[in-house]
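Visitor: Following this message is one structure expressed as structure tokens.
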Amino acid sequence: MAGLSLEDDLHAHNPVDLLEEIVSANEWSFERMGEHEIAVSFAGRWCDYQMHFAYAEEVSALQYTCALDMRVPKGKNAPLAELLALINGKMWIGHFDVLCDDGMPCFRQTVLLRGASGMAVEQVEDLLDIGVSECERFYPAFQFVIWGGRSPEEAVEAALLETVGEA
């Protein structure tokens, strides 16, 4: 990710403005959907991720959603619910969910900013890094369950397998 040098480390107002600067610096495709909303496309290892950020000024919170480019077919809801429970039980920050509108698995996280004078560049970079890293790590687990016929336990075990060395 491209570093961003700002004179002031905190973006004192709308965190979506800071997000736009970081996304632009990384030359990612984005669309500003309003003062408090931005949609970003990012090419990952497994698929293109669709990120959405929305700032709710009234509660001073930034919501981040990173959707995986796949749809959950009918009949896969039960194994998917079990997979979500297994994955979310292993996560420290954020969680996975399925978007109701289009049935896409996604990573979600909300950052509370009440009392803060803004978001630091490092906070936004961490938010992006964590979300994309978790999507990259668990994308194969979703594929294994949805299309590969694997059990949720097998899928999570495969996703968490740490490889040592290089082939």
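Visitor: Out of (1) touching a residue at least 12 places away in the same chain (Cβ under 8 Å); (2) assigned to a loop (DSSP other than H, G, I, E, B), the odd one out for Gly131 is which?
Guide: The number of the failed condition is (2).
Visitor: Please count how many residues of the stretch 44-79 are assigned to a loop (DSSP other than H, G, I, E, B) and not basic (Lys, Arg). Walk me through it before giving the result.
Guide: So the first thing to find is which residues in the stretch 44-79 are assigned to a loop (DSSP other than H, G, I, E, B), and the list is 44-47, 57-60, 68-76.
From the residues that got through so far, the ones that are not basic (Lys, Arg) too are 44, 46-47, 57-60, 68-70, 72-73, 75.
Summing the residues that are assigned to a loop (DSSP other than H, G, I, E, B) and not basic (Lys, Arg) in the stretch 44-79 gives 13.
Visitor: Working only within the stretch 49-89, note down all residues that are of a type in the set (D, E, K, R) and either under 30 Å from His13 (Cβ atoms) or at pLDDT 90 or above (or both). Break it down stepwise before answering.
Guide: Narrowing the stretch 49-89 to residues of a type in the set (D, E, K, R): 57-58, 69, 71, 74, 76, 82.
Hits for the stretch 49-89 are Glu57, Glu58, Glu82.
Visitor: Sort out which residues of the stretch 18-41 are more than 16 Å from Thr65 (Cβ to Cβ) and not charged (D, E, K, R), and write them in order of number.
Guide: Leu18, Ile22, Ser24, Ala25, Asn26, Ser29
Here is a yes/no grid of residues against (1) more than 11 Å from the chain's Cα centre (by Cα); (2) of a type in the set (Gly, Ala, Ser):
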{"position": "Gln109", "(1), (2)": "no, no"}
{"position": "Glu122", "(1), (2)": "yes, no"}
{"position": "Ala141", "(1), (2)": "yes, yes"}
{"position": "Gly149", "(1), (2)": "yes, yes"}
{"position": "Glu153", "(1), (2)": "yes, no"}
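Visitor: How many residues are part of a helix (DSSP H, G or I) and either of a type in the set (Gly, Ala, Ser) or out of contact with any Phe, Trp or Tyr (no Cβ under 7 Å at 6 or more places or on another chain) (or both) if we restrict to the stretch 21-35? Spell out how you get there, then give the answer.
Guide: Step one: filter the stretch 21-35 for residues part of a helix (DSSP H, G or I), giving 21-25.
If we keep only those that are either of a type in the set (Gly, Ala, Ser) or out of contact with any Phe, Trp or Tyr (no Cβ under 7 Å at 6 or more places or on another chain) (or both) too, we end up with 21-22, 24-25.
Total meeting the criteria: 4.
Visitor: If you don't mind, there's one more thing I want to ask. Report the residue count in the stretch 31-62 for those that are more than 25 Å from Glu136 (Cβ to Cβ) and touching a residue at least 12 places away in the same chain (Cβ under 8 Å).
Guide: Counting residues in the stretch 31-62 that are more than 25 Å from Glu136 (Cβ to Cβ) and touching a residue at least 12 places away in the same chain (Cβ under 8 Å) gives 9.
Visitor: Next up: For the stretch 76-106, which positions are in contact with a strand residue (DSSP E or B) (Cβ under 6 Å, 6 or more places away or on another chain) and of a type in the set (Val, Ile, Thr)?
Guide: Passing the criteria: Ile87, Val98.
Visitor: Is one or more of the residues making up the stretch 66-78 surrounded by 12 or more Cβ atoms within 10 Å (Cβ to Cβ), among the small types (Gly, Ala, Ser) and within 16 Å of the chain's Cα centre (by Cα)?
Guide: Within the stretch 66-78, one or more residues are surrounded by 12 or more Cβ atoms within 10 Å (Cβ to Cβ), among the small types (Gly, Ala, Ser) and within 16 Å of the chain's Cα centre (by Cα).
Visitor: Which residue pairs have Cβ atoms under 7 Å apart, sit 6 or more places apart or on different chains, and have a first residue in the stretch 82-111 that is on the phi > 0 side of the Ramachandran plot and a second that is surrounded by fewer than 17 Cβ atoms within 10 Å (Cβ to Cβ)?
Guide: Every condition considered, the pairs that remain are Gly94/Arg108; Gly103/Arg71.
Visitor: Further question on the same structure: Kindly indicate which of Gln109, Gln123 is of a type in the set (S, T, N, Q), in a strand (DSSP E or B), out of contact with any helix residue (DSSP H, G or I) (no Cβ under 6 Å at 6 or more places or on another chain) and crowded, with 16+ Cβ neighbours inside 10 Å.
Guide: Working: Gln123 fails: in a strand (DSSP E or B).
Going through Gln109, Gln123 in turn, just one is of a type in the set (S, T, N, Q), in a strand (DSSP E or B), out of contact with any helix residue (DSSP H, G or I) (no Cβ under 6 Å at 6 or more places or on another chain) and crowded, with 16+ Cβ neighbours inside 10 Å: Gln109.
Visitor: Just for the stretch 28-47: of the residues that are charged (D, E, K, R) and at pLDDT 90 or above, which one is surrounded by the fewest Cβ atoms within 10 Å (Cβ to Cβ)? Steps first, answer last, please.
Guide: Filtering the stretch 28-47 for residues charged (D, E, K, R) gives 31-32, 35, 37, 45.
Filter once more, so that each one left must be at pLDDT 90 or above: 31-32, 35, 37.
Values: Glu31: 9, Arg32: 15, Glu35: 11, Glu37: 14.
Step by step, filter the stretch 28-47, then rank; the result is Glu31.
The values are calculated or read from the model by the stated rules, or taken from the named source; none is laboratory data. Just so you know, these numbers come straight off a predicted model, no measurement behind them. Cβ sites come from the backbone with ideal geometry, for glycine too, and all protein chains shown count toward neighbours.
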